[in-house]
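Take a look at the structure set out below.
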Amino acid sequence: MGSKLTGCGSATPSLSISNDDLSKIVDTSDEWIAARTGIRNRRVLSGNETLRELSVQAAKKALEMAQVNADDVDLVLLCTSTPDDLFGGAAQILSEVGCTNAFGFDITAACSGFIVGLITATRFIKGGGIQNVLVIGADALSQFVDWTDRGTCILFGDAAGAVLVQACSADEDGLLGFCVQSDGNGQKHLNCVSSNIESILSKTNGVPSFPPKKATFSRIEMNGKEVFRFAVRCVPQSIEKALEEAGLPASSIDWLLLHQANQRIIDAAASRLDIPSDKVISNLANYGNTSAASIPLALDEAVRAGKVKAGDVIAASGFGAGLTWGSAILKWG
């Protein structure tokens, strides 16, 4: 069996935060942020908005484009590091979408999550019996940002994006090649760890304290220089490995679609792969880094704008905390 992408959708919060807005909170400016990241605005959950609602909206739009009924979906993969419920959100989302015959579970791989989810979907299809898989990338990192740290608060936004992956014949297979990797030694450069592990496990005369204190997570901590070095080195290598598996040269790429983290990373990867700027998809300026949502969000906008057309070859790559990174060579439609 093969698999192909037949629909996409996305959703973003209503509140937009500009660089000028952030300059009123921390010592920064629109010029400073834009020059270093390429970001000018980001969307942030507010009021009664939830990540679940964004995910449901994105999923419904993907099904509508694919012209597939919700009850024909077999599997729902929610790729997120920030679910509304610590125990996962896929089951609730599939119920609200109306996927009455589907099983679902969460995948946590931070900014690489959507690529991991996409590859996972194709493996389920190749295993047989699965026809339609909804892959949702959604994150709300604004909840874990230190809004007094100008090194991180300028980067992140919230969003959800989804694609429908559908079974097809082997000669129509839309996943041409892929590569996924991880390196736990880099975790120190980008993390959001439990903030009171010591207090939970503290001991008095050898006896664990009781009752345990409430568990919380710290704010996002990032060594920007090291993450930048990692990305500009590993992302092009990952895409080259995926191209090698696909048996394709870089010149066959119609669109380069990277995780939207930093415009300088995107530009460096495009230069390394000798891909012209007019073949690079980027909406970073409008949304910032939306983690697992960034690739499907950018893809959805490009498809609906008529840029990405049926048969186009896309080199997509996600990278981030873990450290994890992965690439997939895809054919749209």
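For the stretch 250-268, indicate whether the set of residues that are part of a loop (DSSP other than H, G, I, E, B), without any contact (Cβ under 8 Å) to a residue 24 or more places away in the chain and surrounded by fewer than 24 Cβ atoms within 10 Å (Cβ to Cβ) is non-empty. No, the stretch 250-268 has no match at all.
Considering the stretch 76-127, and only residues there that are among the hydroxyl-bearing types (Ser, Thr, Tyr) and either buried (at least 19 other Cβ atoms within 10 Å of the Cβ) or closer than 17 Å to Gly174 by Cβ (or both), the residue that is farthest from the chain's Cα centre (by Cα) turns out to be Thr122. Being out of contact with any strand residue (DSSP E or B) (no Cβ under 7 Å at 6 or more places or on another chain) and at pLDDT below 95 is a property that Gly98 lacks. What do you reckon, is Ala70 buried (at least 18 other Cβ atoms within 10 Å of the Cβ) and either on the phi > 0 side of the Ramachandran plot or out of contact with any Cys (no Cβ under 6 Å at 6 or more places or on another chain) (or both)? It is false that Ala70 is buried (at least 18 other Cβ atoms within 10 Å of the Cβ) and either on the phi > 0 side of the Ramachandran plot or out of contact with any Cys (no Cβ under 6 Å at 6 or more places or on another chain) (or both). One residue is enough: does the stretch 82-98 have a residue meeting the conditions in a loop (DSSP other than H, G, I, E, B), of a type in the set (Asp, Glu), touching a residue at least 24 places away in the same chain (Cβ under 8 Å) and not assigned by the TED database to the domain that holds Ser291? So far as the stretch 82-98 goes, yes, one or more of its residues are in a loop (DSSP other than H, G, I, E, B), of a type in the set (Asp, Glu), touching a residue at least 24 places away in the same chain (Cβ under 8 Å) and not assigned by the TED database to the domain that holds Ser291. Residue by residue through the stretch 301-333, note down the ones that are part of a strand (DSSP E or B), open to solvent by less than 40 Å² (accessible area, probe 1.4 Å) and not small (Gly, Ala, Ser). Matches in the stretch 301-333: Val313, Ile314, Phe319, Thr324, Trp325, Ile329, Leu330, Trp332. The residues in the stretch 3-60 that are part of a loop (DSSP other than H, G, I, E, B) and within 22 Å of Gln92 (Cα to Cα) can be counted, and the count is 8. Can you find even one residue in the stretch 275-298 that is in a loop (DSSP other than H, G, I, E, B), over 18 Å from the mean Cα position of the chain (by Cα) and touching a residue at least 12 places away in the same chain (Cβ under 8 Å)? Yes, that holds for at least one residue. Answer yes or no as to whether Ala62 is farther than 23 Å from Gln181 by Cβ, touching an Asp or Glu at 6+ places or on another chain (Cβ under 6 Å) and open to solvent by less than 20 Å² (accessible area, probe 1.4 Å). It is false that Ala62 is farther than 23 Å from Gln181 by Cβ, touching an Asp or Glu at 6+ places or on another chain (Cβ under 6 Å) and open to solvent by less than 20 Å² (accessible area, probe 1.4 Å). When the stretch 61-72 is limited to residues that are free of Cβ contacts under 8 Å to residues at least 40 places away in the same chain and in a helix (DSSP H, G or I), the one that is nearest to the chain's Cα centre (by Cα) turns out to be Ala70. Checked against the criterion of being without any contact (Cβ under 8 Å) to a residue 24 or more places away in the chain, of a type in the set (D, E, K, R) and either in contact with a His (Cβ under 9 Å, 6 or more places away or on another chain) or more than 24 Å from Gly174 (Cβ to Cβ) (or both), the candidates Arg272, Arg229 yield just one match: Arg229.
Among the residues of the stretch 186-234, what is the count of those that are in a helix (DSSP H, G or I), out of contact with any Asp or Glu (no Cβ under 7 Å at 6 or more places or on another chain) and either modelled with pLDDT of 55 or more or open to solvent by 40 Å² or more (accessible area, probe 1.4 Å) (or both)? Number of matching residues: 17.
Against the criterion of being at pLDDT below 95, in the same structural domain as Gly9 (by the TED database), buried (at least 24 other Cβ atoms within 10 Å of the Cβ) and out of contact with any Cys (no Cβ under 7 Å at 6 or more places or on another chain), Leu141 qualifies. Looking at the stretch 145-158, which of the residues that are out of contact with any strand residue (DSSP E or B) (no Cβ under 6 Å at 6 or more places or on another chain) and among the hydrophobic types (A, V, I, L, M, F, W, C) is farthest from Ser3 (Cα to Cα)? Out of the qualifying residues, it is Trp147.
The values are calculated or read from the model by the stated rules, or taken from the named source; none is laboratory data. Computed from a predicted model, the values in this text were never measured in an experiment. All Cβ positions, glycine included, derive from the backbone under ideal geometry; neighbour counts span all protein chains shown. The area values use the complete protein model at the heavy-atom level, side chains included, leaving out ligands, DNA and RNA. Shrake-Rupley method; radii C 1.70, N 1.55, O 1.52, S 1.80 Å.
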